Amino acid sequence: MGTNTKNIVVNQLDNKLKDLRLLKSFTSPEGGWIHLFRKTLNMSLRQLADRMQITIQGASKLEKSEAEGAITINTLRKVGDAMDLTLVYGFLPKDESLDKMIERKAVEMASKIVMRTSATMKLEDQEVSSQRLKESIEELTKELKKEIPKSLWD
């Protein structure tokens with residue numbers, strides 16, 4: 001993927017995620033979503049089991065496995081279908097946006113590279129000013145952010 005294409009894709013994905021960011025602080029209910037919706041809809045385990053064509057024990061096991069975080073996405077989708085619900089699934093960057101995450105990683109990498117070079121130059125009695133170090137980090141950050149090299153994630 002070309003440099004411009006990478007940045008366009010990052011911006012497009014960030015735009016798609018804007019509305020989902022509101023959900024970032026949203027947490028799963030203690031007993032799991034299946035249990036919460038089933039109880040809210042006043043649906044018995046028997047009714048859920050019948051809708052899914054499984055046993056009551058199987059329906060109970062699904063609720064427990066979801067609450068433990070051990071359920072598959074495919075199974076959640078099937079439960080959702082049986083309860084007339086739509087599964088919504090996705091990821092959100094821990095940073096404010098993908099762009100901010102890439103920038104943070106680029107700054108980290110640029111700082112390491114520049115400081116390593118600076119240490120070598122210092123040993124050779126060619127020390128660079130702190131202002132020039134800062135400028136070098138900023139320049140390299142821009143370049144890394146533009147390129148998004150695979151090494152950014154090492």
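The values are calculated or read from the model by the stated rules, or taken from the named source; none is laboratory data. Note that this is a predicted model, so its numbers are computed, not measured. Here the Cβ is made from the backbone with ideal geometry for all residues, glycine too, and neighbour counts use every protein chain on show.
The single condition among (1) without any contact (Cβ under 8 Å) to a residue 40 or more places away in the chain; (2) under 15 Å from residue 88 (Cα atoms); (3) not acidic (Asp, Glu) that residue 20 does not meet is (1).
Given the condition over 17 Å from the mean Cα position of the chain (by Cα) and at negative phi, answer yes or no: does some residue in region 9-28 qualify? So far as region 9-28 goes, no, none of its residues is over 17 Å from the mean Cα position of the chain (by Cα) and at negative phi. Right, residue 12: in a helix (DSSP H, G or I), out of contact with any Pro (no Cβ under 7 Å at 6 or more places or on another chain) and surrounded by fewer than 16 Cβ atoms within 10 Å (Cβ to Cβ) or not? So residue 12 passes the test.
Taken over region 84-94, the criterion of being aliphatic (A, V, I, L, M) and either in contact with a Leu (Cβ under 7 Å, 6 or more places away or on another chain) or within 17 Å of residue 24 (Cα to Cα) (or both) is satisfied by 87, 88, 92. Filtered by the rule that a residue be without any contact (Cβ under 8 Å) to a residue 24 or more places away in the chain and either in a loop (DSSP other than H, G, I, E, B) or surrounded by 14 or more Cβ atoms within 10 Å (Cβ to Cβ) (or both), region 34-43 gives 36, 42. Could you tell me whether residue 90 is small (Gly, Ala, Ser), part of a loop (DSSP other than H, G, I, E, B) and not assigned by TED's automatic domain parsing to the domain that holds residue 48? Spelling it out, residue 90 is indeed small (Gly, Ala, Ser), part of a loop (DSSP other than H, G, I, E, B) and not assigned by TED's automatic domain parsing to the domain that holds residue 48. Whether a residue is surrounded by 12 or more Cβ atoms within 10 Å (Cβ to Cβ) and either farther than 30 Å from residue 142 by Cα or modelled with pLDDT of 95 or more (or both) was assessed, and residue 46 does not pass this test. Only one of these conditions is not met by residue 20: (1) in a helix (DSSP H, G or I); (2) closer than 16 Å to residue 78 by Cα; (3) among the hydrophobic types (A, V, I, L, M, F, W, C). Which number is it? Among (1) in a helix (DSSP H, G or I); (2) closer than 16 Å to residue 78 by Cα; (3) among the hydrophobic types (A, V, I, L, M, F, W, C), the lone unmet condition for residue 20 is (2). Whether any residue in region 116-136 is buried (at least 16 other Cβ atoms within 10 Å of the Cβ), β-branched (Val, Ile, Thr) and either modelled with pLDDT under 95 or not in a loop (DSSP other than H, G, I, E, B) (or both) is what I want to check. No, the conditions are met nowhere in region 116-136. Here residue 31 fits the description: touching a residue at least 24 places away in the same chain (Cβ under 8 Å), within 19 Å of residue 89 (Cα to Cα) and outside any helix (DSSP H, G or I).
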